Amino acid sequence: MTEYIRKMRSLIGHETLILVGVGVFIHKDGKLLLQRRRDNNCWADHGGCVEIGEKVEDAARRELFEETGLIANKLELIGIFSGENMMYTYPNGDQAYIIGISYLCEDFSGTPVSETDETVDLQWFDIDNLPDNISPPSAEPLRRCVEILKSRLSNKFIKSSRTPE
C-alpha cells in the first residue's frame, strides 16, 4: 500500500476509494505467467497502484519487478478497464473503484521470484487452460488479453496456411 493510500484510508476508513491500477500479463509460448495474490489467494496479473506523479508505464514496470523479479523490456497496452465490474472489496474490508490499465509483455528479462510480500506463487498457464479462481479486478483484463493472443495465433495460422500463387 502506498503512503498516499495509507493516508486516505486513515481519513475515510473502508469507504470506496478511486484507484488507478496497472497490470501486466507476461506471455511466452502460448502461456501466461500469473501470480497467486497473498491477500485473496486468487490468480491475477502483476500490478498495483500508480503512485502520485508516476508515469503509468513506469508503475507497470515497477509493479512487475516488485512482484516477479522480471524486467519488462517492452509493454503493449491492451486496454483500460472501468465500470461496475471494477468495484472491489479487499479481504480487509477496504472498498475500491479501480480504473485499470493493462499491458501485455512478451519481451522481458530476469529470473522469476515466486514469493514476495504480495504474492504466494507464480505459475505458467496455457491460455486455453487458465485457473478458475481469478481475482475479480483481473478477470476482464485477462479475457481481453486472451482474446488478443488467440487472435494473433489465428492470424498467424491463416498466413502460414496460404500457399503462394
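The values are calculated or read from the model by the stated rules, or taken from the named source; none is laboratory data. In this text, all values refer to a predicted model and were calculated from it rather than measured experimentally. As a convention, Cβ positions derive from the backbone with ideal geometry for all residues, glycine included, and neighbour counts pool all protein chains shown. Quick note on the areas: whole protein, heavy atoms, side chains included, nothing else; ligands and nucleic acids left out. Shrake-Rupley method; radii C 1.70, N 1.55, O 1.52, S 1.80 Å.
Annotations for the structure displayed:
- Full-extension gain in nm, N129 to R152, via 0.36 nm per residue minus C-alpha separation: 6.5 nm
- Evaluated with a Cβ-only charge set (Lys, Arg +1; Asp, Glu -1), region 4-108 carries a dipole of roughly 240 debye about its Cα centre, given to the nearest 20.
- A dipole drawn for region 15-165 from +1 and -1 charges on Cβ atoms has a positive end, and of I18, L142, V56 the residue lying farthest that way is L142.
- What the chain shows is 57 Å² of accessible area per residue, with the surface traced by a 1.4 Å probe over protein heavy atoms.
- Tally of Lys pairs whose C-alpha atoms are under 23 Å apart, taken over region 12-165, 8 or more apart or cross-chain: 12
- Percent carbon-and-sulfur accessible area, the chain, ignoring ligands, DNA and RNA, probe 1.4 Å: 51
- Helix 3-12 axis, angle to the chain major axis (alpha carbon atoms, nearest 10°): 50
- Dividing the summed -39500 (n - 2.57) terms of all DSSP H runs of n ≥ 4 by the residue count of the chain sets its mean residue ellipticity at 222 nm at -10000 deg cm²/dmol.
- Its relative contact order, with pairs defined as Cα atoms under 8 Å and 6+ residues apart, puts the chain at 29 percent.
- Packing around the peptides 9-15, 59-65, taken as the average count of other Cβ atoms within 10 Å per residue, puts them in this order, highest first: 59-65, 9-15.
- For region 68-94 versus region 1-16, the gap between their alpha-carbon centres in whole angstrom: 18
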